[in-house]
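In what follows, a structure is listed as structure tokens, so that the remarks can point back to it.
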Amino acid sequence: MLDVQLLRNDLEGTAQRLKTRGFDLDLRRFQELEQERKGVQMHTQELQAKRNQSSKQIGIAKSKGEDVSAIMAEVANLGDELKTAEEKLAVIQSYLNDLLMNIPNLPHESVPIGKSETDNVEVRRVGTPRSFDFPVKDHVDVGEGLKQLDFETAVKITGARFSLMKGPLARMHRALAQFMLDVHTQAHGYTEVYVPFLVNADSMRGTGQFPKFQDDQFHVCADDLYLIPTAEVPVTNIVRDVIVALEDLPLKFVSHTPCFRREAGSYGRDTRGMIRQHQFEKVELVQIVQPEQSYAALEALLGHAETILKQLELPYRVMALCSGDMGFSAAKTYDIEVWLPAQNTYREISSCSNFEAFQARRMQARYRNGKNKPELAHTLNGSGLAVGRTLVAILENYQNADGSVTIPAVLRPYMGGTEMLSA
RNA sequence: GGAGAGAUGGCCGAGUGGUCGAAGGCGCUCCCCUGCUAAGGGAGUAUGCGGGCUUAAACCUGCAUCGAGGGUUCGAAUCCCUCUCUCUCCGCCA
């Protein structure tokens, strides 16, 4: 959520900046609502003040045993007027709130201006894609060839966009998560957290999934809870309605969770394989920091995610997302894309964002600044990394001519020393 | 799932219709005092939202908030209803 003051003080400028990410702010509607709000709110508060004063007088008079009928008559018809005013104010405020909750974050000044994916800017490229002297198979063919990846059974059990792994491949999937957690806790100073995978609507609102992306979530109706689309939701909401002591910042959390996404609206895309699943696992990095430090923190967090790819020796590139391609809540986002030889392209494997105070304002996540005043914190997160897609990248990049797959060196200690996946 | 008890400020804890945003204590901050330390004395110490003032902050002022939402009343922490959560006992269970 943006600061309302920003809209009140510089509506035009804010609208301009929002336009760069393809959002059209309804200026007239905001102005009308805001003007009405101001009038009604002042009127309401005036009436409330009047009522409070009279009630106090009645109390004083009664305690002295005086006659109160005169004052009572004075406030007699205040009630209805006040009730009307309060109801009107509530309606206006809910309209304003709806408007506000659906406005995306402002892009940071360093964000490249652009309309779509094609305007994203490559920041760096690390590692060289291997050249194969045999026809490259995609991860589906590799995994099914090993008889360790089975989509057919997953479809039978549940439906499309689910997968089933067996044997050493299932173990490698688990090993990947363990490896990532160990690196981030031991080398990067993150605290591991285990969190609920079902959350309430308040948490979804806090990180910005609600109200706009309600259709993308799995809803457990009987209990009115939602399956998390990312660990970002439960982990960032740790600080909802909390005022963190200055000396406790930055907070750095890492969490390994399953993620559930309905993928509404992406029916035709990535239907083959485990690139786009309703259920996948992710190791997520989350930081809560002071505003002055959030951009340095973003670079650091990005580096932490990159470390995993470097250690797995997977070629990747870092993209700075343009204004038009960023997510709703982000002020700045870097995507890390891993090389997939079968697709002959780089595909997203991590997304690292600084949300500035956008999420913090929604969830009242604050810290005490140098003057001991509560101030909104900045929140960041990034995948470090998406486990399923990392597995895909390994299957494709480490495949051998005979259909086997070499296990990256750093994973072997997690695989009982095994060096190869083979049928 | 059944029965009962409870939810008040950073913490403990008082408060069953009236000058209560809330006694008292602890903690914390500042000041005084004692050569230092300990003890003692004084003052201050919630958050959100509006309005005024301002470049801004500070400040002044109004409103709201005693788990959440609704109701009764001129007036609700206090009475009524619904919900949530916590604790105890029983049942069940990994």
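We did not get these values from a lab; they are worked out from the coordinates using the rules stated. Predicted, not measured: the structure shown is a model, and the values here were computed from it. Virtual Cβ from ideal backbone geometry, glycine too; neighbours counted across all protein chains shown.
Quick notes on this structure:
- With semi-axes defined as the square roots of five times the eigenvalues of the C-alpha gyration tensor, the equivalent ellipsoid of chain A measures 52, 22, 21 Å, largest first.
- Look at the alpha carbon pairs under 8 Å that are at least 6 residues apart: their mean separation over the length of region A:137-296 gives a relative contact order of 24 percent.
- Dipole magnitude for region A:211-343: about 400 debye, using +1 per Lys or Arg Cβ and -1 per Asp or Glu Cβ, origin at the Cα centre.
- Over chain A, relative contact order from alpha-carbon pairs under 8 Å, at least 6 apart, %: 20 percent
- Alpha-carbon centroid distance for the pair region A:318-346 / region A:95-130, whole angstrom: 9 Å
- C-alpha long axis of helix A:167-186 to longest principal axis of chain A, angle in °: 50 degrees
- Chain A: angle of helix A:27-63 to the longest principal axis, Cα-based, in degrees nearest 10: 50 degrees
- For chain A, the dipole from Cβ point charges (+1 on Lys and Arg, -1 on Asp and Glu) about the Cα centre works out to 280 debye, to the nearest 20.
- Separation of the A:Y95 and A:D80 label points, Cα + 7 Å toward Cβ, nm: 2.4 nm
- For chain A, the mean residue ellipticity at 222 nm estimated from helices alone is -12500 deg cm²/dmol, where every DSSP H run of n ≥ 4 contributes -39500 (n - 2.57) and the total is divided by all residues, rounded to the nearest 500.
- Check: region A:340-383 dipole with +1 on Lys, Arg Cβ and -1 on Asp, Glu Cβ, in debye: 340 debye
- Most mobile of A:V289, A:V233, A:V123 in a GNM of chain A (Cα contacts under 10 Å): A:V123
- A:R8 versus A:F132: modelled label distance in nm, points set 7 Å from Cα along the beta carbon direction: 6.0 nm
- Neighbour net charge for A:Y295 - beta-carbon separation under 15 angstrom, K R +1, D E -1: -3
- For chain A, with +1 on Lys and Arg beta carbons and -1 on Asp and Glu, the positive-most of A:A222, A:G370, A:G324 along the dipole: A:G370
- Pairs exceeding a 23 Å alpha-carbon distance, out of A:K50/A:K88; A:K19/A:K88; A:K166/A:K310: A:K19/A:K88; A:K166/A:K310.
- Positive-end extreme of charge dipole, chain A - chosen from A:L249, A:V111, A:P129 (charges on Cβ): A:L249
- Within region A:222-345, all pairs of alpha-carbon atoms sorted by distance into 5 Å bins from zero give the percentages 2, 8, 13, 19, 23, 17, 10, 5, 2, 1.
- Positive end of the dipole of region A:143-211 (Cβ unit charges, origin at the Cα centre): among A:Y190, A:Q178, A:V155, the Cα lying farthest that way belongs to A:V155.
- Nearest-ten-degree value, helix A:78-101 long axis tilted from longest Cα axis of chain A: 20 degrees
- Under the shape rule built on the C-alpha gyration tensor, where the axes satisfy a ≥ b ≥ c, region A:141-208 is oblate, since a/c reaches at least 1.5 while a/b does not exceed b/c.
- Antiparallel DSSP beta bridges within chain A, percent to nearest 5: 95 percent
- Taking the convex hull of the alpha carbon positions in region A:1-119 and averaging its projected area over all directions gives 9.8 nm².
- The chymotrypsin sites (Phe, Trp or Tyr not before Pro) of region A:248-336 meeting both criteria, a DSSP state outside H, G, I, E and B (loop) and at most 12 other C-beta atoms within 10 angstrom of the site's C-beta, are A:Y267.
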